[in-house]
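The values are calculated or read from the model by the stated rules, or taken from the named source; none is laboratory data. Quick caveat: nothing in here was measured; it's all calculated off a predicted structure. Cβ coordinates were reconstructed from backbone atoms using ideal geometry, including for glycine residues, and neighbour counts include every protein chain displayed.
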Amino acid sequence: MQTQLYWQIHTLAFLFEKKADERLKESFGLGFAQYKVLEAIGRNTNAKQNTVAELLDQTEASISRQIRILSRKNLITVDMVMGNKRARELNLTEQGEEQLRLCHEQLEMIHARVFNGLSSEDVQYFEALFERLIANIRS
């Protein structure tokens, strides 16, 4: 029986996330799920919870849990939005910015290991291909 491409994509994504989660927890006590939320907030100043959920293709409930963890660790600030009692603005603290930078360095090492032996052209090809595939599945 021939292995289906979707299974290989799933396996690659699963193994990358598992390795990333292990490395980040070991090094910083922070899981990959929290890293992704930090990354989304870092890219979007004054981000709202629903914006982060959309960016990560997750539910607001799952993001809410990560926000509580990150806030308790003083990596983000959660501020009320004037005129909207339910909305919150999310920003990185200085500690959060530093944590994000350190996590990014760890993930770059995993990335290098995954793509070891591939040329920069191959990596660029994969990036373009995956962007098209993601766009296809979202439409």
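Quick notes on this structure:
- Test for E105: is it touching a residue at least 24 places away in the same chain (Cβ under 8 Å) and closer than 26 Å to Q66 by Cβ: no
- Among (1) within 19 Å of E39 (Cβ to Cβ); (2) surrounded by 13 or more Cβ atoms within 10 Å (Cβ to Cβ) - the single one E105 does not satisfy: (2)
- Members of region 26-48 found to be over 14 Å from the mean Cα position of the chain (by Cα) and on the phi < 0 side of the Ramachandran plot, listed by number: E26, S27, F28, T45, A47, K48
- Evaluating T11 against the criteria (1) of a type in the set (S, T, Y); (2) more than 24 Å from L102 (Cα to Cα); (3) under 14 Å from the mean Cα position of the chain (by Cα) leaves one unmet condition, (3).
- Residue within region 125-133 that is in a helix (DSSP H, G or I), basic (K, R) and closer than 18 Å to S27 by Cβ present: no
- Some residue of region 73-90 being at pLDDT 90 or above and assigned to a helix (DSSP H, G or I): no
- Single match in I69, I76 (criterion: touching a residue at least 12 places away in the same chain (Cβ under 8 Å), in contact with a strand residue (DSSP E or B) (Cβ under 8 Å, 6 or more places away or on another chain), under 20 Å from Q34 (Cα atoms) and surrounded by 13 or more Cβ atoms within 10 Å (Cβ to Cβ)): I76
- Some residue of region 14-25 being assigned to a helix (DSSP H, G or I), aliphatic (A, V, I, L, M) and exposed (fewer than 13 other Cβ atoms within 10 Å of the Cβ): yes
- Filter result (of a type in the set (D, E, K, R) and closer than 20 Å to L55 by Cα) within region 81-139: R86, R88, E89, E97, R101, E127, E131, R132, R138
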